Amino acid sequence: MSFSINCLEITAKKYQWKLSRNLYKNLLSEEDYEGLEDDSPFQKRFFFNDFYGHNQEGKLEKSPNSFNSDLFFGKNINIQAIVGKNGSGKSTLMDLLYVMINNYSCIFTDQMQQPRRKKRKSNFYVYGLYANLYFKSDKGEFLLESQNKKISLYQRRYSLCSLLQKKWEKVSFGEFDIDNYKELNDYFAKQIALQFFYTIVSNYAMLSLIPSSYYAACSELILEKGKWKKKLDNFSGHSWIQRIFHKNDGYICPIVLNPMRKDEGVIDVAKEMQLSKYRLISLLIYAKKNGFSFDDRYELKRIEVVFENQHALQKLSERWKKFREFDDAGNVKPADVNKVVKIVDEWLNDPNSVCKLIVEKFDLNISAKTELLKKAKKIALAYLQDKILSLPNYYSYKNFSEGGAEDLEIKDIDIVKKENLEELIKAISLDPSHVVTKIHQVVNFLCIKDENTLLKNVNKFGIIPYEDYEMAIRNCIAENKEKWNNYSERDINCFNPPFIHIEPWNENKADENRDFSLDEIIENLPPSVCDYRIYLYDKIEGKDVLYDRMSSGELQLLQTISTHLYHVRNIMSVDGSRLRYENINMIFDELELCFHPEYQRIFVKKLVDILKNLKLTDTHSFNIFLITHSPFVLSDLPPERILYLKDGSMDTNVKISTFAGNIGEMFYDSFFLESTIGAFAEEKIKRLIDIRNGLNPNTKSPFTGDEKKEFEKERMVILNKVGDPVLKSLLE
């Protein structure tokens, strides 16, 4: 049974709605409450699919023969769309979904808090929401009920008093009450996460998700001196949405918004481009080696690795006083390369330094014959030390906080507790999750001894082919495989990089010639101290195209898909010792933004193919929301999976067979168009009719003899340009 989100039900009474109109916006109005007393109950439902419906009494009821998504889209895949005019309520409906998830994430607040000297900010709990969210998964039917300061999770189970009737029963410890908060222990937090779902949202519209549009009365839970305290601010309110953009919380809070927006919704386009390359590169490599592509026109031609250190130097300068550099305007700029190299050399000469301990424990190869690699390795080592000492900021590494998790602005690396650091390094070596992926990449790079292979094709700009880098990694595996394959069990004292997290010592899997899995490709990519140049082959033009130079629509397609897959991979990498989500809700809002109709037409198929080719549906279930104005997208969906909105309510009058349906009909019927031609053309046609009837189109009065000649000229110009032959014939 696929995971699907089936219905959102607003339950606010009239007086409750009046206090929180900003949450419901155009989904509720005076007309909805007409004739009701302030304390009268009210329900307004939005069905995302046909899983539920109304019975004869108007009550919610499970449909006996709902559409089978598994047989249509594939196992563990459900796709549904929301359509409607601008202002119909699509974004507001999604906002209510985000608020519910945001509020319920506070049940994991103790999981999100970190033992830092500088307090980590938890999510804000938003007041005034009265709504129910119904969803199902392979574990059953669930209801998330929001009642202002309380939000609870229920599961539909057979009642003890009647085996023939199912009732909603509260999930154990599945309630969050802002006035009576109780810390949730790890066991129940993990159980609730398995029954709940993780939501990944992408919305690249410039004027969407702007923080100042989301102010609301909120509460915040904070940890002070080891005790939970509630910080209330009901007067000024807060922009709750700002805290659910991309963040490094180990995927505990079950929602993330993309792209990251700062200040008043500003998107750092340059950073997004850099992130998209990092997220895309492993997928392109895996796709090429396994015979499928992300686009019918383009395929991966080559990847170049550039020893360009600006990203790492900027991070070091921002986070460490020892490396800090400022420009003339007083802004932090990338650290000086020579300064970093000098400081790292001082660390390496100190037998008691943290840097020296890291080198010894990971058996790193710091020596290099060329100046290019010498600098790259020293910068990589400083970057590695920073990443390791930052790890206790994550919940899963909170046990290593002593001597390692102080605020980076004031950290003194000379006083880090060495015994604690040794245990931390062991934990890093055994961790297969996304939390340590960048650390593993740096360690793998610093373990390469085969400098000849690594640099055999390097040019004067420090650019090498990715194939040479991968071969150097494989040579490292070959050097160690005999020892690895003889290990009887996982022993940290024997385990050496590069990290291959399919336990390579079992069944002789430490083989330098075998195909890497997607996770292994990611683990062995060149680290963040490098940059990438991705070249795709254009099969139509017959030439190579640099990724950065592709059209905005092409970049948008790759960016959108790779962003979601990046988060999916990270969620899937989390093991059972932490919060783990097996149901994933993917929301593509303003889907058609920058997409040519052809990209809109292929999007659903492309997404389904990728989920299957990457074998993501083997272990996880996916519900996919497409918020769109595109009939090309609707033609891939059955009508049972489409919610039509009009003026803030469901429109049940739309009766159209969308799947493989006529695009033109869907454009008119499904998107509530007032006319089938442009408004400017419509006005011109009306003028033409007025002129034909002897009326001045400006005054609607009969024109004089002097006017007739001029208006006749205008009429002929308009008539000759009418493109539709039927319309032109009728006008003639």
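In debye, nearest 20, what is the charge dipole magnitude of the chain about its Cα centre with +1 on Lys and Arg Cβ and -1 on Asp and Glu Cβ, if you could check?
Using only the charged Cβ atoms, the result is roughly 720 debye.
Where both partners of a DSSP beta bridge lie in the chain, what percent of those bridges are antiparallel, to the nearest 5?
If we restrict to bridges inside the chain, about 70 percent are antiparallel.
Count the net charge of all other residues whose Cβ sits under 11 Å from the Cβ of TYR286, scoring Lys and Arg as +1 and Asp and Glu as -1. Numbers along the way, then the final one.
On the way: positive: LYS288, LYS289, ARG569, LYS615; negative: ASP515, ASP519, GLU520.
Overall, the nearby charge balance is +1.
Once Lys and Arg get +1 and Asp and Glu get -1 on their Cβ, which of PHE47, CYS530, SER657 lies farthest toward the positive end of the dipole of the chain?
CYS530
Please give the charge dipole size of the range 439-483, origin at the Cα centre, charges +1 on K and R Cβ atoms and -1 on D and E Cβ atoms. Round to the nearest 20 debye.
Dipole about the Cα centre, nearest 20: 60 debye.
Take the solvent-accessible surface of the protein heavy atoms, probe 1.4 Å, and return the percent of it on the range 339-399 that carbon and sulfur atoms account for.
The value for the range 339-399 is 45 percent carbon and sulfur by accessible area.
For the chain, what is the calculated [θ] at 222 nm in deg cm²/dmol (nearest 500), taking -39500 (n - 2.57) for each run of four or more DSSP H residues and dividing by its residue count?
After summing the helix terms and dividing by the residues of the chain, the value is -10500 deg cm²/dmol.
Roughly speaking, what % of Cα-Cα pairs in the chain are separated by over 41 Å, rounded to a whole number?
40 percent
For the range 22-143, what class follows from the C-alpha gyration tensor (a ≥ b ≥ c being the square roots of its eigenvalues): rounded when a/c is under 1.5, otherwise prolate if a/b is larger than b/c, else oblate?
Numbers: a/c = 1.95, a/b = 1.20, b/c = 1.62.
Oblate, since a/c reaches 1.5 and b/c is not below a/b.
Would you mind checking which residues have amide H under 5 Å from LYS301's amide H? H placed 1.01 Å from N; only 5 or more apart, or other chain.
Amide H to amide H, under 5 Å and 5 or more residues apart or across chains, LYS301 pairs with TYR535, LEU536, TYR537.
Send over a whole-number figure in Å² for the accessible area per residue of the chain, probe 1.4 Å.
46 Å²
How about the range 582-649: which trypsin sites (Lys or Arg not before Pro) there lie in a loop by DSSP and see at most 15 other Cβ atoms within 10 Å?
Here the trypsin sites (Lys or Arg not before Pro) that fit, given the DSSP loop and packing criteria, are LYS615.
In terms of modelled amide H atoms, which long-range or inter-chain residues lie less than 5 Å from the amide H of ASN6?
Excluding prolines and chain starts, which carry no amide H, the hits are TYR134, PHE135, LYS136.
Taking only C-alpha pairs under 8 Å that are 6+ residues apart, what is the relative contact order of the chain in percent?
Averaging sequence separation for qualifying contacts and normalising by length gives 18 percent for the chain.
The values are calculated or read from the model by the stated rules, or taken from the named source; none is laboratory data. Bear in mind the structure is a predicted one, so any value in this text is a computation, not a measurement. Don't worry about glycine lacking a Cβ; one is built from the backbone with ideal geometry, like all the others, and counts go over all protein chains shown. The protein model used for the area step is the full one, side chains on, heavy atoms only, and it has no ligands, DNA or RNA in it. Shrake-Rupley method; radii C 1.70, N 1.55, O 1.52, S 1.80 Å.
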